[in-house]
Amino acid sequence: MAVSVFTNAQVKIATVDLSQWVSDVTLDMTIANVDVTAMGAGGKQYLAGLEDSKVSVSFWQDNASGGPGPTLTTIRNGGTAVAFSLIASGTTPSATNPRWSGSVIMTDYPPIGGKVGDALATKASFVVSGTLTS
């Protein structure tokens, strides 16, 4: 069993590598369940439906050029799908270190918030437009 510690994910959004600011990333790979239960069935029956995956990323906020601030603001203002990729460890994907990629649409981005004395952080949420590849 190869268990590892999650310390070196690579996160690219709109081809910009934002990994150095990432404190938390979650890829929620979801498939809709379609109810196909017919009369007389003794229980519900389902078919796998369409993919409905989501991505959420927490960043240490940096408003310098190339940082999360300007990159995420540009994506938000653009209002279109952008490229996304995630590798769990480092920059080289493999059979034991897959890359997930696809197009995402930003659904939530609070550029500022926090308590006095805390490090400035932000979290962006995305939905996958289409399907993920790995």
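The values are calculated or read from the model by the stated rules, or taken from the named source; none is laboratory data. Given the structure is predicted, the values throughout are model-derived calculations rather than measurements. Glycine also receives a Cβ, built like all others from the backbone with ideal geometry; neighbour counts cover every protein chain displayed. In case anyone asks, the SASA skips ligands and DNA or RNA and just uses the protein heavy atoms, side chains included. Shrake-Rupley method; radii C 1.70, N 1.55, O 1.52, S 1.80 Å.
Here are the numbers for the structure shown:
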read-out: Amide H partners (placed H, <5 Å) of residue 132, local residues excluded; value: none
read-out: Those lysines that a straight Cα-Cα span of less than 22 Å connects to residue 12, excepting residues fewer than 8 apart in one chain; value: 54, 123
read-out: Heavy atoms of residue 107 accessible to a 1.4 Å probe, total area in Å² rounded to 10; value: 90 Å²
read-out: Prolate/oblate/rounded call for the range 58-134, Cα gyration tensor, a/c under 1.5 rounded; value: oblate
read-out: Contact order relative to length of the chain, as percent, for alpha carbon pairs under 8 angstrom and 6 or more apart; value: 26 percent
read-out: Rounded percent of accessible protein surface that carbon and sulfur make up, the chain, 1.4 Å probe; value: 55 percent
read-out: Gyration tensor (alpha-carbon) shape descriptor, the range 18-89, a/c threshold 1.5; value: prolate
read-out: Helix axis angle, 68-78 relative to the chain longest principal axis, alpha carbon, degrees; value: 50 degrees
read-out: Per residue, in Å², the accessible surface of the chain once ligands and nucleic acids are set aside, probe 1.4 Å; value: 62 Å²
read-out: Charge sum, other residues only, whose C-beta stays under 14 Å from residue 107's C-beta, Lys/Arg counted +1 and Asp/Glu -1; value: 0
read-out: Loop-resident sites, the range 54-134, for trypsin sites (Lys or Arg not before Pro), counting at most 10 other Cβ within 10 Å (DSSP); value: 115
read-out: DSSP beta bridges in the chain [antiparallel fraction, %, rounded to 5]; value: 95 percent
read-out: Net charge contributed by nearby residues that have their C-beta within less than 15 Å of residue 34 (K/R +1, D/E -1); value: -2
